[in-house]
Amino acid sequence: MAVIAGAVINGARVAAAHEGHAELVVNIRYSNGGTSDVPLGAVAAELLMRSCNATTLEQLEGQGWQKVQAALIESHNTHNEREQ
Amino acid sequence: MLDIVIKNGRIVDGSGMPGFVGDIAIKAGRIVQIGRVDAAAERVIDAEGKIVSPGFIDPHTHFDAQLLWDGYAKPSIEHGVTTIVPGNCSLSLAPLRAEHRMKLVGMFNQIEEMPIIAFEKGVVWNWETFDEFLQRIQSDLSINVAPLVGHSALRLWVMGAAADQRAATAAECEQMQDLLRSCLEAGAVGMSTSFVDFDEKMQPVPCRYASTEELDALCATLGEFGRIVQIVHEFYDTDLTIARIDQLAELSLKHGIPTTLSPLFVNAGDFDGVDRIMARIDHQFERGARVWLQVQTRPVDISFCLEVPSLLFIRLPSWYGIIRFGSREDVIAALSDADTRAQLIAEAASMASVWARLRLRQVSTEANQALVGKTLEEIAELRGSTPIDVMIDLSLEEDLQAHFLAADMGHNDVAKVGELLAHPHVHIGASDGGAHILSFSTFGDTGHLFRQFVRDSGALTLEQAVKKITQDTALIWGIPERGLLQTGYVADITIFDAGTIDRGPEYFKQDVPGDGYRYVRDAVGIDTVIIGGAVSYQQDSGYTPAKEGAVLPGPVQAL
Amino acid sequence: MSSIPRKSLFPSAGDSWEIIAERELGGGGEEAVGQLQSWNLHVFMRPPAAPGSPHEHNPILPSDVIFLEPPQAA
């Protein structure tokens, strides 16, 4: 997969999801300076943290958008009965 | 002889005009006089010191299943709601062929958390068409119902197994149009569709496989009746929301229909996004489109128990590591070990204000039942402990099944939400009444509106707030003869105390068929609710046997 | 307050990442597809279609909004 320069994680925060649980909202910054939010559930968030070797949310900053894409895709394949 | 006279109330008639003191006379289900009424009546209701308003209308609900065993749609009426709109988000229980019943049940279970056993115990499946469904519920209605037809249900009926595989052919689109037309003629208020929901197999719901041409064709049919389309959009993203606003605006202008999308949440740190969305809404209204954005009044809560990992702990690496990766036994062992516990408590100090405000929602042991509903700070005081210690202790006492609620964690900026609710192009709704029953209560948003945004913050006047959830809603949705206190209109009336109206605390109640539970809230400050001219609920005596609810707008009369 | 909507389209029948990139971005290829996907992470917020489904190898649904540019800078 090609690396798209400039599309990186700008930050992440915990937020209240519509369904009443906590979610991780990852903010992506594009090379033109525009940003957008991607909400991740518990499994996708954990996969993202792991793939970025991050133990804090701050350590996600600067990671490529592909990590978010991969975490989303992989989360759907991960059966985890303990996810909320 | 009049049926009912409401005496000496402050009449806030739903128009937004200043309230005034007066009487209202009711005869044969309708308002026959407003002002000073001296004529005799079979029943006189003293409303002195109370507000007399049109009954509230809840435009975003999922009571479809509940209406099959509960024609009151409890506890909506006791919160002052006299009309509900079920069938949102592409999901309706009609039209529905017998062979698709379990598919729909699975979708309601997945999306709205309605337990499958509730359908098994509470539903006699004796309908297929929309007309048959309306006849089925109409015989037992206390509340008014303005039902939407679900786009996913239309697809299932026409396309069968292909409904969640592909776009419809031109012939299938025509069949769906014919089917929608028959539903509208039977009394449907409009059609709903979704761009975000998943079915029981975690695949996109059938309507998400529709092409724009299919949606356009169905909106053309809605246009024949001037009826509304509701969508649930990708509410987590500003640009996607704006794209859907533009899509709805084109459908509105092309077919002459009202449209509505829900929900919009105010996300912390993204007020610019909200402002961009509202600027786009304003732009589309300026063009002549009708795109009503629904905003809910209540904040979003987060609930959790330590048996299931919650991202609430992701900023606490030790906690998250144990809860996320440990087995149940590991978690219990960690919380029970004095050294580990001390380390966890030290780490959690950075979120001390969150723990103090946590509320205990649910426990299994009898010993702790009395603590349910209290904050951890309150329990800590009772136990001579600290909130974080209490969270750990209760979790251990309950075998990790102590459930906690972190209230007001999202959509909680009172000033910004209030600004939105008061906006002339914002439609107050999105309650989701009857849905998510195992996660949180969807009841009492109207009480919260008056307490939080009228009484406390003053974002809206009482008259504005009443108008927003009565006349505005009736006009947006094309619900006839409701939403105003006006001579000749149907007598749907809510009497409440402006000084106390609120939503009560959330609690778990066993009232779902199959001995099931759900989260509910009682009402505060609602005195009397009249539907179709009959008293349906009174604060002192509860629900009455009245069954004057109607299907709205009802069957289409031939011109 | 910017009221210019972000450039987007609704997919036509048979549209895939490759076809949209080729048609809308002036050329396909891995880089163009990657760019398109980076602007449309919402499409990945769903499980893959079941084996045998027409969408097994193409997650784009007919009802999707597909952005053709990144979000605008504030």
Checklist outcome for this item: Note: chain B at 10 °C, 1.306 mPa s; Kirkwood Rh on alpha carbon pairs; Stokes-Einstein D in µm²/s works out to 64
Checklist entry - Residue by residue through the stretch B:245-256, which ³J(HN,Hα) values in whole Hz follow from phi under the Karplus form 6.51 cos²θ - 1.76 cosθ + 1.60 (θ = phi - 60°), with glycine and proline marked x? => result 4, 5, 4, 5, 4, 5, 5, 5, 5, 5, 10, x
Next on the checklist: Taking the Cα centroid of the stretch B:21-38 and of the stretch B:40-54, what is the distance between the two, rounded to the nearest whole Å?
Outcome noted: 9
Checklist entry - Rounded to two decimals, what ratio of Rg to Rh does the stretch B:417-559 give with C-alpha atoms and a Kirkwood Rh? => result 0.98
Checklist entry - Excluding B:L184 itself, what net charge comes from residues whose Cβ is under 15 Å from its Cβ, given Lys and Arg +1 and Asp and Glu -1? => result -2
Item to check | GluC sites (Glu not before Pro) lying in DSSP loop within the stretch C:23-70, provided at most 15 other Cβ fall within 10 Å | outcome: C:E56
Checklist entry - Lysine pairs, Cα distance under 16 Å, 8 or more residues apart or cross-chain: how many in chain B? => result 5
Next on the checklist: So, for the stretch C:8-67, what is the accessible surface per residue at a probe of 1.4 Å, expressed in square angstrom?
Outcome noted: 41
Next on the checklist: When 1/r is averaged over all different Cα pairs and the result inverted, which Kirkwood radius in Å belongs to the stretch B:32-137?
Outcome noted: 16.4
Item to check | Inter-label distance, nm, simple model (7 Å from Cα along the C-beta direction), B:I117/B:A356 | outcome: 4.1
Checklist outcome for this item: For B:Q362, the residues 5 or more places away or on another chain with a placed amide H closer than 5 Å to its own amide H are B:H403
Next on the checklist: Taking θ = phi - 60°, what integer Hz values does the Karplus form 6.51 cos²θ - 1.76 cosθ + 1.60 yield along the stretch C:25-37, in sequence order, with x for Gly and Pro?
Outcome noted: 9, x, x, x, x, 4, 5, 5, 5, x, 4, 4, 5
Next on the checklist: Looking only at chain B, where both bridge partners belong to it, what percent of the DSSP beta bridges are antiparallel (to the nearest 5)?
Outcome noted: 55
Checklist entry - Once B and C are treated as a pair rather than alone, how much accessible area drops out, both sides summed, in Å² to 100, probe 1.4 Å? => result 2100
Checklist entry - If you take the accessible area of A alone, add that of B alone, and subtract the area of the pair, what total do you get in Å², probe 1.4 Å, to the nearest 100? => result 2400
Next on the checklist: How much accessible area per residue does chain B have, counting only protein heavy atoms and a probe of 1.4 Å, in square angstrom?
Outcome noted: 34
Item to check | Spin-label pair B:L438/B:E286, simplified geometry with 7 Å Cα→Cβ offset, distance in nm | outcome: 4.8
Item to check | Paramagnetic reach from B:E366 (point 7 Å along Cα→Cβ, amide N under 20 Å) across the stretch B:482-521 | outcome: B:508-510
Checklist outcome for this item: Share of accessible surface on carbon and sulfur in the stretch B:68-145, whole %, 1.4 Å probe and ligands ignored, is 46
Checklist entry - Once you put a point 7 Å from the Cα of B:Y507 and another 7 Å from the Cα of B:K201, both along the Cβ direction, what distance in nm separates them? => result 4.3
Checklist entry - Carbon and sulfur together cover what percent of the accessible area of the stretch B:302-409 at a 1.4 Å probe radius? => result 52
Next on the checklist: How are the alpha carbon pair distances in the stretch B:302-409 distributed across 5 Å bins from zero to the largest one, expressed in percent?
Outcome noted: 2, 13, 24, 29, 21, 9, 1
Item to check | Cα pair count fraction exceeding 13 Å, expressed as % - the stretch A:8-77 | outcome: 61
Checklist outcome for this item: From the Cα centre of the stretch B:331-367 to that of the stretch B:426-477, the distance in Å is 35
Item to check | Area accessible to solvent at B:Y507, 1.4 Å probe radius, in Å² | outcome: 70
Checklist entry - Which whole number of Å³ per residue matches the convex hull of the alpha-carbon atoms in the protein assembly as shown? => result 158
Checklist outcome for this item: Share of accessible surface on carbon and sulfur in the stretch C:8-67, whole %, 1.4 Å probe and ligands ignored, is 52
Next on the checklist: Compute the orientation-averaged projected area for the stretch B:182-339 from the convex hull of its Cα atoms and round it to one decimal in nm².
Outcome noted: 13.4
Next on the checklist: Output needed for the stretch B:338-484: three equivalent-ellipsoid semi-axes, defined as square roots of 5 times the C-alpha gyration tensor eigenvalues, in descending order, whole Å.
Outcome noted: 40, 17, 12
Item to check | All Cα pairs of chain C, percent lying beyond 20 Å | outcome: 32
Checklist outcome for this item: If the chain between B:S541 and B:E42 were fully extended at 0.36 nm per residue, the gain over the current Cα-Cα distance would be 177.8 nm
Checklist entry - Accessible area lost on pairing A with C, both sides, 1.4 Å probe, Å² to nearest 100? => result 1500
Checklist entry - Got a sec to turn the phi values of the stretch B:368-379 into Karplus ³J(HN,Hα) couplings, 6.51 cos²θ - 1.76 cosθ + 1.60 with θ = phi - 60°, whole Hz, x for Gly and Pro? => result 9, 4, 5, 8, 4, x, 8, 7, 5, 5, 5, 5
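The values are calculated or read from the model by the stated rules, or taken from the named source; none is laboratory data. Keep in mind that this is a model prediction, so the values were computed, not measured. Glycine also receives a Cβ, built like all others from the backbone with ideal geometry; neighbour counts cover every protein chain displayed. The accessibility values were calculated without ligands, DNA or RNA, using every heavy atom of the protein model including side chains. Shrake-Rupley method; radii C 1.70, N 1.55, O 1.52, S 1.80 Å.
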